[in-house]
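The values are calculated or read from the model by the stated rules, or taken from the named source; none is laboratory data. This structure is a prediction, so every number in the text was calculated from the model and none was measured. In this analysis, Cβ positions are derived from the backbone assuming ideal geometry, glycine residues included, and neighbour counts consider all displayed protein chains. Surface areas here come from the heavy atoms of the whole protein model, side chains and all, with no ligands, DNA or RNA. Shrake-Rupley method; radii C 1.70, N 1.55, O 1.52, S 1.80 Å.
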Amino acid sequence: MNYQIENSNFLTAQIKAICLICAFGLIGFYGTLHSPFHYDDAHAIVENPHIKDLSTFQEKVGIQNIFNRSVLLLSFAINQHFGELEVFGYHLVNILIHILTSILWFFLVKEFLYIEPTEKRVFKKNLPLVCSFIHLLNPLNIQAITYISSRSSLLATFFYLFAFYILIQVLKPNKKVDSSLKNFIFIFIFLIILFLGFATKEIVASFPLMAVVYLWFLTAEEDRKNLIPKIASILSILVGFLAYRYLQQGNLFSVRADPVSGETHRLLYFLNQIQVIAGYYLLKLLAPFSLNFEPDIDLYTTWFHWDWFFSLIILLSIGAAIFKQNSILIKFGALWFCIALLPTSSFIPLKQLATEHRTYLPGLGFNLILGWIFLNIKNYRFISQVLFIAFILIISLLTLNRSLDYRSEISLWEDTAKKSPFKALVQNNLATAYMGAGKLEKAKTALESALSIEPAQIDSHINLGHIASRERNWNMAIEKFNLGIALGTQKSDTFYFSGLARNNLGKYQEAIPFFEKAISIKPFKADYYFDLGNSYKNLKQFDDALLYFRKALTIDSDHYKAHNNIGTIFWHMGEFDKAKSEFEKVLHINPNIPAIHNNLAAIYLKRKEFKKALPHLKTVVKLQPENMDAKKLLKFSLDQVKQ
């Protein structure tokens, strides 16, 4: 009977904990649900052709292509299938993943308590909830949660923890012997989840090392000699992954999709990361103030820098202090932090030297230590409770405040520019945000700042070209686009808008190679084919024009401008039935385009079918009350019908 009561109380406590985590998670991040797409979200989600149609996802991406982050892309494809580009759904999924990760962390910490001696566990019974709340409300996690592209960190961490929990159940000592079938099912599910993690983000590669550390700490010292088969089995996962990576990517420690990865000196990157870990990640975990979307940290050009050496001394001192103290849990947390950082902060160069979402998985080890410290004030229990509540309130306010920076592109990049004023990339991105809001003068000022910092900043020259295009200064636009191309840009839009500027100056033949280059880079953009077709149309090369207008329609069947231009070509060729058919297709897509109604009316008037012309002329007059020609034609047609 007592056992049943204890078991019931245990379940009730767990349900209460889960409800608290869910409630605080939803309240804490409610304000981010309508934050817009930011930065890399443009090419990862908004313009990504591979996630537009869920039914063709396997054909275009393939869940097995793990080095393309196939599971992450699948999650975006599902979002797009149900909500298209409505940000609410994307943010809701991110928040739910974060809450589920915090719940998983709650249950994992309960298991991690068993690596401590029995007499110490009683003082740490609240550690799972404490650690879960620290992770749930940590301001440093805002980037991973609110910057939609950073879902990779959320989802990979979720699979990482889920796989860890299942592995613990399989390897748990002193458990009743399970059937072979049950063990096989557990191991099969474990491998599936681990595969999903690898296919989300390669940070999961640290999992086998962390699993070995856990197993080592869990096992009594006298029994560790018997761990070799288990350790070998776990490490075989890492060996298998690395072998598969080498076969698929041709290397072990470079990122093919990131050209910086192959060009950056590994030793200098590694030294940089020592400074980043001590001077940014640890500092922000301890004091999550002044968080920065794009920290101003430069890559070393030589190994002789005092800051990495000073950072190394700090890290070694902290490491020595941790391994001198008696708590196994603190040692485990420290190793979790270090090992989880290895894929991004070691000798594998990445484009960004530091970014906050990379602490999402490693930070769990840090909050394990922090939670232990809060609960280890044995003689001052009331003080420790007050301190923890105050800490949670402070980080909650910091989280809410930081989430406000993500309300718009402008607010995010203005905040980043204040914190990294001497970084050309930041000034350029601020200018892009201003351009999106139509604040062209502010955009010019930001671009001037970017070019004063880095005169060869390609994107800043290109953005000046875009501003010149909006101001219809086509010659200036061409000059700026040419400069961006000369500096080495491979962005398709630069070539496209360079061609468009030439079209607007009537330089149709000159524009053609720029459109062709844009198409060679991104062959899935309907507008590229459409404007190439326009060049040929204006050169009276109608066969080529029709070819490219039809290619535009194969990509976007609702591209009404392509239908319209095909119709006008048939008009000039005297094939009025074909022209009429194309114009009618436009009206099915958008019935409120005066020019199309005018074109159809002209065809009917030419055929003296005045009655059929009337509805189109009436629509033109309704949409354009100031159109005197349409009014005259309408009166003429009415008179003809009455005769």
Subject >> aspartates and glutamates whose Cα lies under 19 Å from that of Lys16, excluding same-chain neighbours fewer than 8 positions away >> reply: Glu6, Glu111
Subject >> Compactness index (Cα Rg / 2.2 N^0.38 Å), region 560-643 >> reply: 1.04
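List the trypsin sites (Lys or Arg not before Pro) within region 425-481 that DSSP assigns to loop and that have no more than 11 neighbouring Cβ atoms inside 10 Å.
Sparse-neighbourhood loop trypsin sites (Lys or Arg not before Pro): Arg472.
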**OP:** Read phi for every residue in region 104-111 and hand back ³J(HN,Hα) as whole Hz from Karplus 6.51 cos²θ - 1.76 cosθ + 1.60, θ = phi - 60°, with x for Gly and Pro.
**Re:** 4, 5, 4, 6, 5, 4, 4, 6
**OP:** Mind ranking 421-431, 22-32 by how tightly packed they are, going by the mean number of other C-beta atoms within 10 angstrom, highest first?
**Re:** 421-431, 22-32
Original post:
Helix 328-341: angle to the longest alpha-carbon principal axis of the chain, degrees 0 to 90, nearest 10?
Top reply: 30 degrees
Original post:
Once phi is turned into θ = phi - 60°, what whole-Hz ³J(HN,Hα) does the Karplus curve with 6.51, -1.76 and 1.60 give for every residue of region 471-479, x standing for Gly and Pro?
Top reply: 8, 6, 9, 5, 5, 5, 4, 4, 4
Original post:
Taking only C-alpha pairs under 8 Å that are 6+ residues apart, what is the relative contact order of region 82-138 in percent?
Top reply: 40 percent
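How large a share of the accessible area of the chain, in percent, is made up of carbon and sulfur atoms when the probe is 1.4 Å and the other protein chains stay in place?
Percent of accessible area from carbon and sulfur atoms in the chain: 62.
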Original post:
Where only protein heavy atoms count, and the probe is 1.4 Å, what is the accessible area per residue for the chain in Å²?
Top reply: 49 Å²
Original post:
Once Lys and Arg get +1 and Asp and Glu get -1 on their Cβ, which of Leu154, Phe366, Leu129 lies farthest toward the positive end of the dipole of the chain?
Top reply: Leu129
Original post:
Rounded to two decimals, what is Rg over Rh for region 161-230 when you use alpha-carbon atoms and the Kirkwood radius?
Top reply: 0.99
**OP:** Measure nothing but the geometry: give the 0 to 90° angle between the long axis through the Cα atoms of 542-555 and the longest principal axis through the Cα atoms of the chain, rounded to 10°.
**Re:** 30 degrees
Original post:
Of Lys622/Lys642; Lys351/Lys423; Lys608/Lys632; Lys611/Lys642; Lys612/Lys632; Lys284/Lys419, which ones are farther than 18 Å apart at the Cα?
Top reply: Lys622/Lys642
**OP:** Return a whole-number percent for the relative contact order of the chain, with Cα pairs under 8 Å and 6 or more residues apart as the contact set.
**Re:** 11 percent
Subject >> For region 390-418 versus region 273-305, the gap between their alpha-carbon centres in whole angstrom >> reply: 19 Å
Original post:
In the full protein assembly as shown, how much of Met476 is accessible to a 1.4 Å probe, in Å² to the nearest 10?
Top reply: 70 Å²
**OP:** Mind checking region 230-337 for trypsin sites (Lys or Arg not before Pro) that DSSP puts in a loop (not H, G, I, E or B) and that have at most 13 other Cβ atoms within 10 Å?
**Re:** Arg256
Original post:
Which lysines, on any chain, are close to Lys525 with Cα under 26 Å apart, when same-chain ones fewer than 8 places away are left out?
Top reply: Lys52, Lys60, Lys480, Lys491, Lys507, Lys517, Lys537, Lys540, Lys551, Lys561, Lys578, Lys585
Subject >> Positive dipole terminus of the chain, leading residue within Ser408, Ala501, Leu638 (C-beta point charges) >> reply: Leu638
Original post:
What label, among (1) 30.7, 110; (2) 25.6, 86; (3) 24.3, 74, belongs to Rg and Dmax of the Cα atoms in Å computed from the structure on display?
Top reply: (1)
**OP:** Could you run the Karplus curve 6.51 cos²θ - 1.76 cosθ + 1.60 with θ = phi - 60° over region 313-323 and give me ³J(HN,Hα) per residue in whole Hz, x for Gly and Pro?
**Re:** 4, 4, 5, 5, 5, 4, x, 5, 5, 5, 7
Subject >> Part-to-part distance (alpha-carbon centres) for region 598-643 and region 473-502, which is given in Å >> reply: 43 Å
Subject >> Cα centre as origin, Lys/Arg/Asp/Glu Cβ charges: the chain dipole, Debye >> reply: 1040 debye
**OP:** Among the lysines, select those whose C-alpha is under 24 Å from the C-alpha of Lys182, and discard any that sit fewer than 8 residues away in the same chain.
**Re:** Lys110, Lys172, Lys230
**OP:** Find the relative contact order for region 178-257 and round it to a whole percent, using C-alpha pairs within less than 8 Å whose residues are 6+ positions apart.
**Re:** 22 percent
Original post:
On a 0 to 90 degree scale, rounded to 10, what angle separates helix 576-589 from the longest Cα axis of the chain?
Top reply: 40 degrees
**OP:** Within the chain, what's the longest run with no GluC sites (Glu not before Pro) in a DSSP loop and at most 15 other beta-carbon atoms within 10 Å? Give the range, please.
**Re:** 87-470
**OP:** Mind grabbing the accessible area of His597 for me, 1.4 Å probe, Å², rounded to tens?
**Re:** 20 Å²
**OP:** State to the nearest 20 debye the size of the charge dipole of region 264-397 about its Cα centre, where the only charges are +1 on K and R beta carbons and -1 on D and E beta carbons.
**Re:** 520 debye
Original post:
Simple spin-label model, 7 Å along Cα-to-Cβ: Asp556 to Asp544 in nm?
Top reply: 2.3 nm
